[in-house]
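Scroll down for the structure; my scribbles are underneath it.
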Amino acid sequence: MKRAIAIYSNKGGVGKTTTAVNLTACLALSGKRVLLMDLDPRGLAAGRLGSQRSGAPCNVITSPEKLKSAPIQADYPNICIIPPSPALTDLDQTLGANGDVAARFREGMEEVKQSFDYLIVDCPPTLGAISRTALGAVDGTILPIQCEPYAFEGLGSLLQDIAEFRKKVHPKLLLDGVLLTLLDPADPSSLDVARQVSLRKDCRVFRSAIPRDPAVVAAAQRGLPLVESDIGSRAARAYVELAREVLSYAGT
Ligand SMILES: Nc1ncnc2c1ncn2[C@@H]1O[C@H](COP(=O)(O)OP(=O)(O)OP(=O)(O)O)[C@@H](O)[C@H]1O
Ligand SMILES: [Mg+2]
């Protein structure tokens, strides 16, 4: 089955990029061909999987006809990346709700998806034009939630945004699941958030919760996915488990 999954949240610093990189690496490790599309102009996700750059990255949102030729081989087997174009920076202001661009991008995604088992999209932290275009073109979404006080309230508004987006734009968009991130097992308030989110009946929550782990920061500093940097770390094992869940589940 070929699936495109956007890693999305309207909140910054919740582990979207970490999840996009490490889920991609773990799916590839299990033998799947994976394309990571980095739609955050900072390019942190693509930079962690590929040191090579072949030519100037094109703006795949406004030029979706270039999607098919955009993937470049990453530094690891089974992984291709589409690095972001610097032009994405202004897109939220200039694109607005351009239905034609969104439709062409969706068609381009359908086509490029055929060459891979999974297409993982790293979104920027707003529901602006870039994330809307991405969410309108994927099969499902993973919503990382940082296990900290107030995250529970944030999850409510996030789920509402997704429900509205489904209703108005993409009725077939699936919620692959909410992913608990930055869980600190030594902090009762962090555990409490994880427990409350897991008890929610209105959304699927992945069994695998990603612990707060210095190995994540060390891997990011070295510009590597966790399975390359420290495969025995708690966070690496949690991402391997997450990949297993993703492989066995297709969203609701
Ligand atoms: N499980 C973890 N343990 C420790 N640090 C983490 C973990 N996950 C993410 N981080 C760190 O938290 C910071 C934010 O993570 P990340 O960049 O993945 O979030 P993001 O949601 O993509 O942020 P943005 O909204 O800015 O794009 C980074 O410095 C990252 O290294
Ligand atoms: Mg990010």
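The values are calculated or read from the model by the stated rules, or taken from the named source; none is laboratory data. For clarity, every value in this text was computed on a predicted model and none was experimentally measured. As a convention, Cβ positions derive from the backbone with ideal geometry for all residues, glycine included, and neighbour counts pool all protein chains shown.
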- Item | Residues being closer than 19 Å to T133 by Cα, buried (at least 24 other Cβ atoms within 10 Å of the Cβ) and among the small types (G, A, S) - total across region 1-45 | 4
- Query: Residues S157, S198, S233: which one is within 11 Å of ligand 1 (Cβ to nearest atom) and either over 14 Å from P144 (Cβ atoms) or surrounded by fewer than 19 Cβ atoms within 10 Å (Cβ to Cβ) (or both)?
  - Reply: S233
- Item | Filtered residues of region 60-86 (kept if surrounded by fewer than 17 Cβ atoms within 10 Å (Cβ to Cβ) and in contact with a Leu (Cβ under 7 Å, 6 or more places away or on another chain)) | D75
- How about region 113-142: which of its residues are part of a loop (DSSP other than H, G, I, E, B), in contact with a strand residue (DSSP E or B) (Cβ under 9 Å, 6 or more places away or on another chain) and surrounded by fewer than 24 Cβ atoms within 10 Å (Cβ to Cβ)? S115, F116, D117, D139
- Where in region 8-108 are there helices (runs of 4 or more DSSP H), lying fully within it, with 1 or more residues that are at pLDDT 90 or above and away from ligand 2 (no atom under 16 Å from the Cβ)? 16-29
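Within region 114-171, track down each residue that is among the charged types (D, E, K, R) and either more than 16 Å from ligand 2 (Cβ to nearest atom) or free of Cβ contacts under 8 Å to residues at least 24 places away in the same chain (or both).
Answer for region 114-171, where residues must be among the charged types (D, E, K, R) and either more than 16 Å from ligand 2 (Cβ to nearest atom) or free of Cβ contacts under 8 Å to residues at least 24 places away in the same chain (or both): D117, R132, D139, E148, E153, D161, E164, R166, K167, K168.
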- Message: Checking I145 against (1) crowded, with 24+ Cβ neighbours inside 10 Å; (2) part of a helix (DSSP H, G or I), only one condition comes out false. Which one?
- Response: (2)
- Task: Answer with yes or no whether A209 is among the small types (G, A, S), in contact with a strand residue (DSSP E or B) (Cβ under 6 Å, 6 or more places away or on another chain), assigned to a loop (DSSP other than H, G, I, E, B) and farther than 27 Å from G128 by Cα.
- Result: yes
- Message: I'd like to check something: does region 183-191 contain any residue that is in a helix (DSSP H, G or I), over 19 Å from the mean Cα position of the chain (by Cα) and closer than 19 Å to E241 by Cβ?
- Response: yes
- Message: What pairs come out if I take residues in region 202-220 that are under 15 Å from L143 (Cβ atoms) and pair them with residues that are part of a helix (DSSP H, G or I) and near ligand 1 (Cβ under 7 Å from one of its atoms) whose C-beta lies under 7 Å away, six or more apart or interchain?
- Response: I210/A235
- Taking first residues from region 1-25 that are closer than 24 Å to G223 by Cβ and second residues anywhere that are assigned to a strand (DSSP E or B) and within 8 Å of ligand 2 (Cβ to nearest atom), the pairs with Cβ under 7 Å that are 6 or more apart or on different chains are I7/D122; K16/D122; T17/D122; A20/D122
